[in-house]
Amino acid sequence: MYLPTYMAVSLWIFALFGIVCLMIRVIMGYRWKGLGGKGRYSIIISARNQQETLEGLIRGFILKSGINGQEDALFSVVLVDGDSSDDTPDIMRRLANEYTFVKFINPDELPSYLKGFWYKGS
């Protein structure tokens, strides 16, 4: 059984696309290691009454970044509750306990966290 020409061409296009993507990821990985870890960044997410979307957003970001097994390698995520009346703070605490690079802080602690963050250079 032979594949029709249009199916064979589309499969070859997807295969070539996959090879090119793999090569780009490998080259960028070597380039990242060559920088010696420079370019480290943190993300601060403030949420209020977002229990339906918050966990999916954080987990999706972690999976998309491709660092699920390399916790402190690239970044840290800081979650700040904006006085929620639903289960948003509980979800934030659970994510902070589950991942070492996720931190949960209260809004009152944010200025001191930022001050310590900038002075330490971390």
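Readers should treat all values here as calculations from the given coordinates under stated rules, not as data from a laboratory. Everything quoted here is computed from the prediction, not taken from an experiment. Note that we place each Cβ from the backbone using ideal geometry, even for glycine, and neighbour counts take in every protein chain shown.
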Sorted by Cβ density within 10 Å, fewest first, the residues Ser42, Ser10, Ser76: Ser10, Ser42, Ser76
Linear extension gain, Tyr113 paired with Glu52, 0.36 nm per residue minus alpha-carbon span: 19.3 nm
